[in-house]
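The values are calculated or read from the model by the stated rules, or taken from the named source; none is laboratory data. As the structure is a computational prediction, the values presented were derived from the model and not from experiment. Using ideal geometry, Cβ is built from the backbone for each residue, glycine included, and neighbour counts are taken over all protein chains shown. Ligands, DNA and RNA are excluded from the accessible area calculation, which covers all protein heavy atoms including side chains. Shrake-Rupley method; radii C 1.70, N 1.55, O 1.52, S 1.80 Å.
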Amino acid sequence: MNLFRMLGDLSHYLAIITIFIKIIRSKSCQGISGKSQILFLFVFITRYLDIFTNFISMYNTSIKIFFIISTLTNIFLVFVKYKGTISSDLDTFRIEFLLLGAALLALFINHEFVVMEVFWTFSVYLEAVSIIPQLSVSSQGKSVEPVMLLYLAALGCHKLFYIFNWIHRYYNEGFYDFIAVSAGIVQTAIYANFFVLHAIKRLADLKSESSV
């Protein structure tokens, strides 16, 4: 495991822990998209179907279990424990379109047309767009909490570091996965677009306040 892969994984853990702590400390899910959490659960379950049949290492298995359980926990907090605090009026993105699009792409563009491979490919395509409902919620709000910006930045860094990891592996191992790389670039671009628009909006607000 190279440095970029480690930094990518650490960024992912930071994102998951950040949103969990945010909910627990505030006892509120305001500003959080439950739909994005549902999509992430689809991503992890379909990607880790081999969790009990393909043992790589204790670390690998532990992380797979952590991702699934932590996402289930967040979904429980959003839709059950603190359901009265969710931003249901903002969390309206039609995720069925994302699920259908990822499924169709996985069926037609994959490395091998076998069940496990198609499910893995589906998870890669879906992960690239799973954050869109959350970005939609954050964009519609009057402001974005710093903790949510940290969460989104950590997720964006996770995929950015993975792109560096793939570049490193290509030059050192000759490894290249066009599906993972293409989806990763799209995913990183989605995060970058959000932060650019957020920065432009903040600058406009500051300019407006200073001119009053």
Legend entry - Test: residue in region 26-37 that is crowded, with 19+ Cβ neighbours inside 10 Å and on the phi > 0 side of the Ramachandran plot: yes
Inset, instruction - Output the number of the condition that Thr85 fails; it satisfies all remaining conditions of (1) modelled with pLDDT of 90 or more; (2) over 19 Å from the mean Cα position of the chain (by Cα); (3) of a type in the set (Val, Ile, Thr). - result: (1)
Legend entry - Qualifying position, being under 23 Å from the mean Cα position of the chain (by Cα) and exposed (fewer than 12 other Cβ atoms within 10 Å of the Cβ), among Ala153, Ala204, Ala199: Ala199
Legend entry - Condition met for Phe42 (in contact (Cβ under 8 Å) with a residue 24 or more places away in the chain, more than 14 Å from the chain's Cα centre (by Cα) and open to solvent by 50 Å² or more (accessible area, probe 1.4 Å)): no
Legend entry - Criterion (charged (D, E, K, R) and touching a residue at least 40 places away in the same chain (Cβ under 8 Å)) met by exactly one of Arg169, Arg202: Arg169
Inset, instruction - Identify the single condition in (1) at pLDDT 95 or above; (2) open to solvent by 20 Å² or more (accessible area, probe 1.4 Å); (3) among the aromatic types (Phe, Trp, Tyr) that Phe52 does not satisfy, given that it satisfies every other one. - result: (1)
Inset, instruction - Return the pairs, sorted by first residue and then second, in which the second residue is among the acidic types (Asp, Glu) and open to solvent by 80 Å² or more (accessible area, probe 1.4 Å), the first residue lies in region 100-123 and is free of Cβ contacts under 8 Å to residues at least 60 places away in the same chain, the beta carbons are less than 9 Å apart, and the residues are 6+ apart or on different chains. - result: Val118/Glu112
Inset, instruction - Scan region 101-121 and give yes if some residue there is modelled with pLDDT of 95 or more and hydroxyl-bearing (Ser, Thr, Tyr), otherwise no. - result: yes
Inset, instruction - Could you check, for region 89-96, whether at least one of its residues is surrounded by fewer than 13 Cβ atoms within 10 Å (Cβ to Cβ) and either within 22 Å of Gln187 (Cβ to Cβ) or touching a helix residue (DSSP H, G or I) at 6+ places or on another chain (Cβ under 8 Å) (or both)? - result: yes
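Here's the yes/no breakdown for (1) in a loop (DSSP other than H, G, I, E, B); (2) farther than 19 Å from Gly141 by Cβ; (3) among the β-branched types (Val, Ile, Thr):
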| residue | (1), (2), (3) |
| --- | --- |
| Val43 | no, yes, yes |
| Phe52 | yes, yes, no |
| Ile56 | yes, yes, yes |
| Ile75 | no, yes, yes |
| Leu100 | no, yes, no |
Legend entry - Tally, over region 60-81, of residues that are aliphatic (A, V, I, L, M) and either closer than 16 Å to Phe44 by Cα or touching a residue at least 60 places away in the same chain (Cβ under 8 Å) (or both): 6
